[in-house]
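Below is one structure; the comments refer to it alone.
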Amino acid sequence: MAALLLALAVVSTGLYAGFMLIFRTGVMPALARLSDEEFVRAMRRINEYVPRPVFLLVFLGVVVFPAAALFVPVDGRTDTQKWLVAAGLAAAVANHLVTVAGNIPLNTALAASEPAGASAGGSAGESAGAVRAAFERPWNRFHLLRTLLVLAAFGLLTASAVVSG
């Protein structure tokens with residue numbers, strides 16, 4: 001059971017790390033080339049679409065599986081393996097804290113900047129350029145941090161699965 005939980009921890013964290021990395025290296029650079037109106041519209045749609053059941057399952061698995069792997073008793077687990085899983089879990093939790101405290105509030109503010117029936121211009125007196133300026137740079141900074149954290153979590157959990165005594 002412990003080996004299965006650790007495998008699920010590595011797989012879910014790897015999937016999430018890949019998602020974060022591709023978003024950082026592919027999606028956001030592509031969106032950066034859009035006009036302000038196109039960028040704001042695209043990010044709003046992405047933020048509406050991403051939190052779906054499969055994504056949420058992986059998102060939760062990044063914390064649940066390492067925690068379960070850590071707390072299920074394992075005969076013969078070394079202290080090194082235990083500390084690698086604990087460090088991986090800590091990095092995953094930190095990733096989620098950055099997401100919840102940084103990226104999600106920015107996503108919420110971006111969504112709220114759109115008045116009912118508007119397509120991209122923002123609320124009264126608020127241009128798409130102003131909306132983008134308030135969102136893009138801070139969101140990218142938080143995203144870089146959470147990407148680095150989940151990549152670290154993936155590396156630590158992978159190491160715990162392959163290290164011996």
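Would you point out the residue of segment 37-60, among those that are of a type in the set (Lys, Arg) and buried (at least 17 other Cβ atoms within 10 Å of the Cβ), that is nearest to residue 107 (Cα to Cα)?
Taking segment 37-60 and keeping what is of a type in the set (Lys, Arg), we get 41, 44-45, 52.
Filter once more, keeping what is buried (at least 17 other Cβ atoms within 10 Å of the Cβ): 41, 44.
Numbers: 41: 12, 44: 8 Å.
My answer is 44.
Before we move on, is residue 23 surrounded by 19 or more Cβ atoms within 10 Å (Cβ to Cβ) and of a type in the set (Phe, Trp, Tyr)? Considered against the rule, which asks whether it is surrounded by 19 or more Cβ atoms within 10 Å (Cβ to Cβ) and of a type in the set (Phe, Trp, Tyr), residue 23 comes out as no. Taking every residue in segment 94-109 that is touching a residue at least 40 places away in the same chain (Cβ under 8 Å) and pairing it with any residue that is assigned to a helix (DSSP H, G or I) and of a type outside the set (A, V, I, L, M, F, W, C), at least 6 positions away or on another chain, the pairs with Cβ-Cβ distances below 6 Å are 95/146; 98/146; 99/146; 107/47. Screening residue 63 against (1) touching a residue at least 40 places away in the same chain (Cβ under 8 Å); (2) crowded, with 17+ Cβ neighbours inside 10 Å leaves a single unmet condition, (1).
The rows are residues; the columns are (1) among the acidic types (Asp, Glu); (2) touching a helix residue (DSSP H, G or I) at 6+ places or on another chain (Cβ under 6 Å); (3) farther than 15 Å from residue 144 by Cα.
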{"site": "65", "(1), (2), (3)": "no, yes, yes"}
{"site": "76", "(1), (2), (3)": "no, no, yes"}
{"site": "82", "(1), (2), (3)": "no, no, yes"}
{"site": "91", "(1), (2), (3)": "no, yes, no"}
{"site": "97", "(1), (2), (3)": "no, no, no"}
{"site": "100", "(1), (2), (3)": "no, no, no"}
{"site": "107", "(1), (2), (3)": "no, yes, yes"}
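Screening residue 4 against (1) farther than 17 Å from residue 161 by Cα; (2) hydrophobic (A, V, I, L, M, F, W, C); (3) assigned to a helix (DSSP H, G or I); (4) at pLDDT below 95 leaves a single unmet condition, (1). Only a single criterion out of (1) under 22 Å from residue 96 (Cβ atoms); (2) in contact with a Gly (Cβ under 7 Å, 6 or more places away or on another chain) is not satisfied by residue 28, namely (2).
State yes or no: is residue 151 surrounded by fewer than 18 Cβ atoms within 10 Å (Cβ to Cβ), part of a helix (DSSP H, G or I), within 12 Å of the chain's Cα centre (by Cα) and not basic (Lys, Arg)? Working first, answer last.
Working: surrounded by fewer than 18 Cβ atoms within 10 Å (Cβ to Cβ): no; part of a helix (DSSP H, G or I): yes; within 12 Å of the chain's Cα centre (by Cα): yes; not basic (Lys, Arg): yes.
In short, no.
Selection of first residues in segment 22-41 that are in contact (Cβ under 8 Å) with a residue 24 or more places away in the chain and of second residues that are surrounded by 14 or more Cβ atoms within 10 Å (Cβ to Cβ) and of a type in the set (A, V, I, L, M), restricted to Cβ pairs under 6 Å at least 6 apart or on distinct chains, gives the following pairs, ordered by first then second residue: 36/128; 37/120; 37/128; 39/31; 40/120; 40/128; 40/131; 41/120.
The values are calculated or read from the model by the stated rules, or taken from the named source; none is laboratory data. This structure is a prediction, so every number in the text was calculated from the model and none was measured. Here the Cβ is made from the backbone with ideal geometry for all residues, glycine too, and neighbour counts use every protein chain on show.
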